[in-house]
Amino acid sequence: MRRIARLCALCALAVLAAGCSTPTSRLYTLSRAPAPATPAAAPMPSATVVVGPVSIPAIVDLPQIVVSTGANSVTLDEFNRWASPLQSNISRVVAENLVTLLGTPRVSQFQQSLNLDADYRVAIEVQSFDSMLGDAATLNAVWVVRRTKDGKAQTGRTSVREPTGAAGYDALAAAHSRALARMSQEIADVIRGLERVP
């Protein structure tokens, strides 16, 4: 009889422990744009570019993915998070995109750069980085490309709304990645324009 009672108590503890286990967090990252199917403009293999600093709104400067649920409301999802700080995630993706778009391997992030004499510096101020689960990702950013040799600069603004095309956080991260690809293309176009100006 005691053996049965002990067995029942162990089973109850096992069920209780299983019920109390914490769900694991799912981590997401932004990704660089795929290489274009058609060749881009002539490569700039000797150009050096530093991306950063990148600033982001405090409301999304969190490990959790912040989801907009209305015009004036957001939710934090404790179990769906960015794999790295969003600020450095954005900087990394823009730098990787510029490597492909400009045809130069000499693109680095501001916080990791040892190249103080880069030909071009790109500063980005993200003003909104909104996530609507199952709907769209939006990006509004102001950026400045500065040519180091003479300080000539050009300011641009990127405003993009990318539909997610599916429900779920994978689709949301992919939509944000496409929005960053659009901004990267606009930045690359300005760098090419400055390269042509004496």
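A few comments on the model shown:
- Shown for Asp119, Asp189: other C-beta atoms within 10 Å of each C-beta, ranked fewest to most, produce the order Asp189, Asp119.
- Here the Karplus curve 6.51 cos²θ - 1.76 cosθ + 1.60, taken at θ = phi - 60°, turns the phi angles of region 178-185 into couplings of 5, 5, 5, 5, 5, 5, 4, 5 Hz, with x standing for Gly and Pro.
- Euclidean distance between Cα centres, region 46-67 to region 129-181, Å: 10 Å
- Backbone amide hydrogens, once placed in the peptide plane, bring Tyr28 within less than 5 Å of Arg81, Trp82, Ala83, excluding anything fewer than 5 places away on its chain.
- Cβ-based exposure ranking for Ile65, Ile56, in which fewest neighbours within 10 Å come first: Ile56, Ile65
Each value in this text was obtained by applying a stated rule to the coordinates, not by laboratory testing. Every value quoted in this text rests on a predicted model; they were computed, and no experiment measured them. Methodologically, a virtual Cβ is constructed for each residue, glycine included, from the backbone with ideal geometry; neighbour enumeration extends over all protein chains shown.
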